[in-house]
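For reference, the structure is listed below as structure tokens.
Every number in this text was worked out from the coordinates using simple rules, so none of it is lab data. Nothing here was measured: the structure is a model prediction, and the numbers come from that model. No Cβ is skipped: glycine too gets one built from the backbone with ideal geometry, and neighbour counts run over all protein chains shown.
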There are 2 protein chains.
Amino acid sequence: MTGTVGGAGADPAAVAVADPGADLRHRVTSTTVTLRGADGAPLAGREVTVEQRSHALGMGNIGFDLIPLANGETTAHTAGVETFGGASLDGLEHLAELWLEVFNTATLPFYWGAFEPRRGEPDTERLRRAAQWFADRGVALKGHPLVWHTATAPWLTDLGVDEIERVQRERIRREVSGFAGLVDTWDAINEAVIMPVFDKEDNGITRLCRARGRIATVRMAFEEARAANPAATLLLNDFDMSTAYECLLEGVLEAGVGVDVLGLQSHMHQGYWGEERTLAVLDRFARYGLPIHLTESTLLSGDLMPAHVEDLNDWQVEHWPSTPAGEERQAEEIVRHYRTLASHPSVEAVTYWGLTDDGAWLGAPAGLVRADGTPKPAYEALRDLVKGAWWLPPTTTRTDDEGRVTVRGWTGDYRLTTAAGAADVRLGGPARSGRTGEPVDVSVSGSAAG
Amino acid sequence: MTGTVGGAGADPAAVAVADPGADLRHRVTSTTVTLRGADGAPLAGREVTVEQRSHALGMGNIGFDLIPLANGETTAHTAGVETFGGASLDGLEHLAELWLEVFNTATLPFYWGAFEPRRGEPDTERLRRAAQWFADRGVALKGHPLVWHTATAPWLTDLGVDEIERVQRERIRREVSGFAGLVDTWDAINEAVIMPVFDKEDNGITRLCRARGRIATVRMAFEEARAANPAATLLLNDFDMSTAYECLLEGVLEAGVGVDVLGLQSHMHQGYWGEERTLAVLDRFARYGLPIHLTESTLLSGDLMPAHVEDLNDWQVEHWPSTPAGEERQAEEIVRHYRTLASHPSVEAVTYWGLTDDGAWLGAPAGLVRADGTPKPAYEALRDLVKGAWWLPPTTTRTDDEGRVTVRGWTGDYRLTTAAGAADVRLGGPARSGRTGEPVDVSVSGSAAG
């Protein structure tokens, strides 16, 4: 895709992304940037190249597969418990390139069972190196989850409820404070709707939640995480899109719990929701006034899971291939899905759940890359969307007499480069307050970060 | 069924209902009653007849059909809106006899749309006469419902949300204070889980609940009803038995709303739940420590509604007959259902939804009496249960030397009659605190109420 260069005249010179259409225009900001030299004087009439560096809209994926790469591991790491996906070690560098080409936010696995399979032996350093690896590459991080009944520490069942609560609180503080500055966004609690009545397996967190109640458990998660990192962005996350989640949320908000963001899962193993249902879900949950993250989105490139399956974990198949027809469908649906989500003003992030079919959750062909490492059409379609149609490529123009250039593009991070140096700026505020940005006044520097 | 007379000896003379079995023993109290004459002296060695008059366990049914009888109406009353059942005028006296033979609690219809079809013209006097008719016959009353989105006043949609809230608050105060002393139990709010997202028809209450939120709407209902009648028993009532209702309830309790009783509907048009599911539902909701009323129980004596129907109101059939096989099934299931409910210590009342098929909701064969007025097997089975196996019929014994007799029977109201007069006593406290009752000391009176 191409940016365009505006004509000369009374207005500042302008570069602009292609108009995304009326339903997405709230994602686009038009901001005038004044460029100054090191001496503070406007860089008037200079050639300047404007290029987008990142989207304000969170474009997430799980970073699970790349933990071994970040840690330089040469043998498979296994915790002996559910880890929800993980590719084999071959080809991880290629996978990393594909990952970094499209995504700007990584979800890291803090499942208590795999993170601390034996009490007192948390996997902290390995996760820290993984987080640092992403951060070094400009990727924002999210930790998932601090409280959940599934994949939790198996040794909790040896403890009484009071002791479970104590160690759960300690665990939240340990992770959130220990990773502060690196991981500042957390799923504070996952799937609290079903938590106290979950009956697939006995576990300490269901016992705790049943004894204390959902709201008390949610409050515990947010209280501890907030105390450990007051600046953290904390999510309430659930797969339950029914009125049950609305009711829980209303109770949680009524109780004064400080939810920053509402997390909606959308594992679509049983088929793409379609625009109408997706928008209806978003509208129902947007009415609480919280930003929304689609935390776990999945679309298959093979057979769908039958509609009668209630718990996705119950569907076990030996071989679940990606098919040519499935891949075409997935590519079409992923564009429709991301367009629909971006069209809703409450959505601030979308996380796709898995890059590769290799080691994917449930063995499903949910990846954007085949198990052999080749990109599926959905990968290319998503890349063409977020790095193409929704992206301002390097575009050269000339500043006006006052050193100004107007940039019209998707809210996010931009770099403006002149012969005198470059400046990195964030254009537009939060996604929901896009459109006309506050003017930016910035001095270029010869050593703008790469 | 027969009561038994204990032998003479050191212990007081005793009469006892048949042992109902271990799972129902918490329903039975054993209480020693000392009978005294008008002069206060014990009536020693006197012949006394003990008879049960009513169950502490609420045995409810709707009283809708009998409103015309109580009002002496000779032409059909129609509000032009949904009234959820109503038999034709012929044969109401016979229906009343059948009603009074089995039930001790009547639910009266306060659907706002039928109660006040034109603003400012409430149907107060007609409902008051109906309530008085039941009260005169020893029947407790419940009003249903004070707040509901279905069958609500159609003129609310002409008002803004603030005005809807104002008139809804006024309507609650008007009914609850106006009927205090006659109707002291109310479904304060009905179906709040779906209320703000109900999309079958535009209505003022959904608008209000969507604007204010569920918890604020529930609080409004309870606040106003409590202010109007501090002694009232106020229910939160819903058909939604999923985790959504749990979540709502947890939020409501967390918000400090004074819920006295949790109402669970159980319209089983799609088939009897069975013991296991019923007990699982009761256990899930009993963990909040509130008494439970089964507010709307239905079992069909004909074809079942298909399982795929989500909103029972969507199932419209021309002719829905009661069948011999269906009637046998209904009779068997109603005994299993009431036994199961009585076995759970949290259940304090069970209301069956409709006595007759004539004018039954949805045209379903849900009644215990056929449209022609003849009792179905289920009527007889329920009567034999609550007035037979669970009932102490008139049983004669002799008081001991201190004027005492021990009565072992279902918690409820009893009359003890001697030649010197009779005494009415309530034996046992709330259903959940049955077993051994506090001793009762009472003087007989020649004019005990009939």
- Would you kindly state how much longer the chain becomes between B:Glu101 and B:Asp199 on full extension, computed as 0.36 nm times their sequence separation minus their alpha carbon distance, in nm to one decimal? 31.2 nm
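I need the peptides B:292-300, B:166-174 ranked by packing, meaning the mean over residues of other C-beta atoms within 10 angstrom, with the highest value on top.
Numbers: B:292-300: 25.3, B:166-174: 17.9.
For the peptides B:292-300, B:166-174, the packing ranking is B:292-300, B:166-174.
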- Query: For the pair A:Ala280 and B:Leu279, how long in nm is the line joining their label points, each one 7 Å along Cα→Cβ?
  - Reply: 3.8 nm
- Within the range A:353-372, the residues whose backbone N lies under 18 Å from a label point placed 7 Å from the Cα of A:Val335 along the Cα-to-Cβ direction are A:368-369
- Relative to the compact-globule scaling 2.2 N^0.38 Å, provide the ratio for the alpha-carbon radius of gyration of the protein assembly as shown. 1.18
- Item | Whole-Å distance, taken between Cα centres, linking the range A:238-269 and the range B:215-249 | 21 Å
- Item | Paired Rg and Dmax values of the range A:55-185, which use every Cα atom, in angstrom | 15.2, 47
- Message: Using Cα-Cα distances under 8 Å and only pairs 6 or more residues apart, what relative contact order does the range B:58-389 have, in percent?
- Response: 17 percent
- Message: Let's test this: bin the Cα-Cα distances of the range A:58-389 at 10 Å from zero up to the farthest pair and state each bin's percent.
- Response: 6, 27, 37, 25, 6, 0
- Task: Quick one: dipole size for chain B, taken about the Cα centre, charges +1 on Lys/Arg Cβ and -1 on Asp/Glu Cβ, in debye to the nearest 20.
- Result: 1140 debye
- Task: Run the dipole for the range A:78-228 about the Cα centre, Lys and Arg Cβ at +1, Asp and Glu Cβ at -1, nothing else charged, and hand back the magnitude in debye, nearest 20.
- Result: 540 debye
- Just the number, please: percent antiparallel of the DSSP beta bridges in the protein assembly as shown, rounded to the nearest 5. 40 percent
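Among A:30-41, B:410-421, how do they line up by average Cβ neighbours within 10 Å per residue, starting with the highest? Display every interim value, and only then the final one.
Values: A:30-41: 16.2, B:410-421: 20.0.
Ranked by mean Cβ neighbours within 10 Å, highest first: B:410-421, A:30-41.
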- Nearest-20 debye value, the protein assembly as shown charge dipole, Cβ charges on Lys, Arg, Asp, Glu: 1900 debye
- Expressed in nm to one decimal, what extension gain is obtained for the pair B:Ala211 and B:Asp441 from 0.36 nm per residue of sequence separation less their Cα-Cα distance? 77.3 nm
- From DSSP H assignment alone, runs of 4+ in chain A each adding -39500 (n - 2.57), the sum over residues rounded to the nearest 500 puts [θ] at 222 nm at -8500 deg cm²/dmol
- Counting partner chain Cβ atoms within 10 Å of every residue's Cβ in A:254-262, what's the average? 2
- Item | Spin-label proximity, A:Asp311 to the range A:180-199 - amide N less than 15 Å from point 7 Å beyond Cα toward beta carbon | A:191-199
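Of the DSSP beta bridges with both residues in chain A, give the percent that are antiparallel, rounding to the nearest 5. All intermediate terms of the calculation are to be shown ahead of the outcome.
Numbers: 29 of 74 bridges.
About 40 percent, rounded to the nearest 5.
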- Shielding by partners for B:282-291, please: the mean number of other protein chain Cβ atoms within 10 Å of each residue's Cβ. 1
- Plugging the Cβ-Cβ distance of B:Asp303 and B:Arg126 into 1/(1 + (r/R0)^6) at R0 = 51 Å yields, to the nearest 0.05, a FRET efficiency of 0.90
- Taking every pair of Cα atoms in the range B:299-450, average 1/r, invert it to obtain the Kirkwood radius, and report Rg/Rh to two decimals. 1.12
